[in-house]
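Novice: Below is the structure I would like to discuss, written out as structure tokens.
The values are calculated or read from the model by the stated rules, or taken from the named source; none is laboratory data. In this text, all values refer to a predicted model and were calculated from it rather than measured experimentally. Methodologically, a virtual Cβ is constructed for each residue, glycine included, from the backbone with ideal geometry; neighbour enumeration extends over all protein chains shown. When the accessible area is computed, the model is the full protein with side chains, heavy atoms only, and any ligands, DNA or RNA have been set aside. Shrake-Rupley method; radii C 1.70, N 1.55, O 1.52, S 1.80 Å.
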Amino acid sequence: MNYKLKHLALLLLISLFVCANAWSEGKNHNFTVTKNLDTFTAIYKQLDAMYVDTLDADITVGDGINAMLRSLDPYTEYYPASEQKDLKQMLTGKYAGIGALIKKNMKTGNVVIDEPYEGLPADEAGLKKGDVIVAIDDSTMLGKEVSFVSSHLRGEPGTSFKLTYIPAADAKNDVSSKSNKNISKKTKSVTITRRAIQLPSVPYYGFIEGKKDIGYLILTQFTENCARDVRRALVDMRSKGMNKLVFDLRDNGGGSLAEAIKIVNMFVPKGVTLVTTKGKIKRSNSVYKTTQEPLDSIMPVVVLVNSNSASASEITAGSLQDLDRAVIMGTRTFGKGLVQQTVDLPHDGSLKLTVSKYYIPSGRCIQAINYKHTGGGYREHIPDSLTREFKTKGGRIVRDGGGIKPDIEVKADSLPNIALYLAHGGLDSTEVVHYYVIDYLKAHPTIAPATEFHLSDADYADFKQRVIASGFKYDRETSKEYKKLVEYAKFEGYYDEAKAEFDALEKKLQHNLERELDKNRKVITQILEQEIIEAHYYQKGSIAYLIGADNQVQKAVELLSNPEQYNKIIKGEK
């Protein structure tokens, strides 16, 4: 036998061995699957037949299914027939209701209107911020949880109901969820017809105050037709002189991949590969390219992102970064690079399961290395040694390992603890901000335009006295840490020797509410102004106001106003 025949025979033997081994592994896998399914079925049959109590199959088997899925990733989920509406709303961003945010008043225990959306049923019915929801049809809503009230407000499009409420201006602080005796007699009723609600994906766009050439556009979700809305906004601003853009994707949890591709295509040429998906089965593998000529391929763009920017947001930001088409600014994104597909199940159920991973133009996957049920997302503790280097179109080094790392890191302004408690009614049992805003709105039927409105010194002095008189309290982190330090010092035997120093420090850390309100006046005033503006000018007015006080937006404007620095970053020059 010559060398070639020997070599061919060897290859044949190796092939047969590999095939046999693969067949054996497949056979073992199939046997293991069958064995465990048989065991599960047998266990349930025994439980159903012999367990002391009658089992609810939907709960028992449902819990078993969910426990199985929890061993996978956070995005593979089972939706029984009863939850199909939730799945549809998640996929489309649509629901049928009145179009308003509601919240629980922590002082009264009742649910109130927090923000009616412009032009939607709640707004058209005349509902305002602070209105107390008393009843829906014949069902009382006093003292109920937000989820209970929300479920009654939602329903099929076209259905109507009677809403009984107390106007915010007439609602007294003593309205109690425990008794109907104190309820104001000034209740009003209105009939509202539910309709399909899809909040705008582009709630605001416009020019940065004082900058006639720098546009700002915020995209809150990648829902159906959002690319059309983005294009319209860009065309409108370009026609008015925009030649630089701040594109805000912060807190955008993602959505449609197709819409993300269309949006990136507005900035990059036709025929560019943006996303590749790779999975276990062939039909999960796809390549997505730009299909149209761009709207503008040279305009400087800064994309704002944060840890809540995920999925389609990361594809958009990452693609623009990989193609050296935009500067990414903010903080590292969430790190969701897994692709889900919805599969129909028997008895009208659905399974949303992860079938592949996203890979963006540089070839990197944006998914966090560990995507099991640990909350998902990027983890700061992932060292660079566990990540791989990739290069952008122009040669800049980028890495995988989870999320999109900004070209320029700019952290958001953090709220001091007192402002955090005041801003979130769920932390403040006095609801002092809520009642101040309601009284201010009652006294001021009109206010200055959103970007010009400001509270006066007298207004803030009035608010400060209300806070002091209300009994408002909040947890002070310095006091917590001081108590811990004392405990550790006593435990380790240092306290007695350093008692004088501890006493002096405790004295300096003494709580003074009036001093804290003065010290944090600027940020607290912004909270009050934003609440008042939102009530007058809706979401658009609120966003327009907040832009001027947003540190990350201002840093983006600074960069766009410095073309030399912008180009250095794009080219990877230090």
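Novice: Between the range 237-293 and the range 404-449, what is the C-alpha centre distance in whole Å?
Specialist: Taking the Cα centre of each part, the range 237-293 and the range 404-449 sit 34 Å apart.
Novice: If you roll a 1.4 angstrom probe over the protein chains with everything in place, what fraction of the accessible area of the chain belongs to carbon and sulfur, to the nearest %?
Specialist: Details: 16890 of 31810 Å².
Accessible surface attributable to carbon and sulfur in the chain totals 53 percent.
Novice: Continuing with the same structure: Compute the accessible area per residue over the chain, keeping the other protein chains in place, probe 1.4 Å, unit Å². Intermediate values should be presented prior to the final figure.
Specialist: Working: 31810 Å² over 574 residues.
The answer is 55 Å² per residue.
Novice: Compare the peptides 260-266, 314-320, 415-421, 144-150 by average per-residue count of other Cβ atoms within 10 angstrom and give them in order, highest first.
Specialist: Working: 260-266: 23.3, 314-320: 28.1, 415-421: 17.9, 144-150: 14.7.
So the order, starting with the most tightly packed, is 314-320, 260-266, 415-421, 144-150.
Novice: If you put +1 on each Lys and Arg Cβ and -1 on each Asp and Glu Cβ, how big is the dipole of the chain around its Cα centre, in Debye rounded to 20?
Specialist: Numbers: 77 positive and 72 negative charges, 375 e Å.
Rounded to the nearest 20 debye, it is 1800 debye.
Novice: With a sphere of radius 15 Å drawn around the Cβ of A100, what net charge do the other residues whose Cβ falls strictly inside it have (Lys, Arg +1; Asp, Glu -1)?
Specialist: 0
Novice: Run lengths n ≥ 4 of DSSP H only: what is the helix-derived mean residue ellipticity at 222 nm for the chain, with -39500 (n - 2.57) per run over all residues, to the nearest 500?
Specialist: Details: 17 runs with 229 residues, N = 574.
The helix contribution divided over the chain gives -13000 deg cm²/dmol.
Novice: How high is the relative contact order of the range 128-280, given as a whole-number percent (alpha carbon pairs under 8 Å, six or more residues apart)? List each step's numbers first, then the result.
Specialist: On the way: 206 pairs, mean separation 26.1, N = 153.
Computed value for the range 128-280: 17 percent relative contact order.
Novice: Which one of T291, I281, S356 is farthest out on the positive end of the charge dipole of the range 255-404, using unit charges on Cβ (Lys, Arg +1; Asp, Glu -1) and the Cα centre as origin?
Specialist: I281
Novice: For the range 400-525, how many pairs of lysine residues have a Cα-Cα distance under 21 Å, where the two are 8 or more positions apart or belong to different chains?
Specialist: Lysine pairs, 8 or more places apart or on different chains, close enough: 29.
Novice: Order these peptides, 337-349, 267-279, 111-123, by their mean beta-carbon neighbour count within 10 angstrom, highest first. The partial results should precede the final answer.
Specialist: Working: 337-349: 14.5, 267-279: 17.2, 111-123: 20.3.
Highest to lowest by the protection proxy: 111-123, 267-279, 337-349.
Novice: Antiparallel versus total DSSP beta bridges in the chain: what percent is that, nearest 5?
Specialist: On the way: 49 of 65 bridges.
For the chain, the DSSP antiparallel bridge percentage is about 75.
Novice: If you place +1 on the Cβ of every Lys and Arg and -1 on the Cβ of every Asp and Glu, how big does the dipole about the Cα centre of the range 266-321 come out, in debye to the nearest 20? Each step should come with its number before you reach the end.
Specialist: Values: 6 positive and 3 negative charges, 104 e Å.
With only Lys, Arg, Asp and Glu charged at Cβ, the dipole is about 500 debye.
Novice: What's the magnitude of the charge dipole for the range 390-465 around its Cα centre, counting Lys and Arg as +1 and Asp and Glu as -1 at the beta-carbon? Answer in Debye, nearest 20.
Specialist: On the way: 8 positive and 11 negative charges, 162 e Å.
Rounded to the nearest 20 debye, it is 780 debye.
Novice: For the ranges 58-67, 222-231, 435-444, 354-363, what's the packing order if you count other beta-carbon atoms within 10 Å of each residue, average per peptide, and put the highest first?
Specialist: On the way: 58-67: 12.1, 222-231: 19.2, 435-444: 17.0, 354-363: 20.7.
Going from most to least packed, we get 354-363, 222-231, 435-444, 58-67.
Novice: Which entry in [x] 45, 27, 22; [y] 37, 32, 24; [z] 47, 34, 30 matches semi-axes √(5λ) of the Cα gyration tensor in Å derived from the coordinates of this structure?
Specialist: Of the labelled values, this structure produces [z].
Novice: Which of the GluC sites (Glu not before Pro) found in the range 494-566 are loop residues per DSSP with 12 or fewer other Cβ atoms within 10 Å of their Cβ?
Specialist: Values: sites: E497, E501, E506, E514, E516, E529, E531, E534, E558, E564; in loops: E497.
Hits after loop and neighbour filter: E497.
Novice: Another one. Using the Cα centre of the chain as origin and beta-carbon charges of +1 (Lys, Arg) and -1 (Asp, Glu), tell me which of S311, N265, S160 is placed farthest towards the positive end of the dipole.
Specialist: N265
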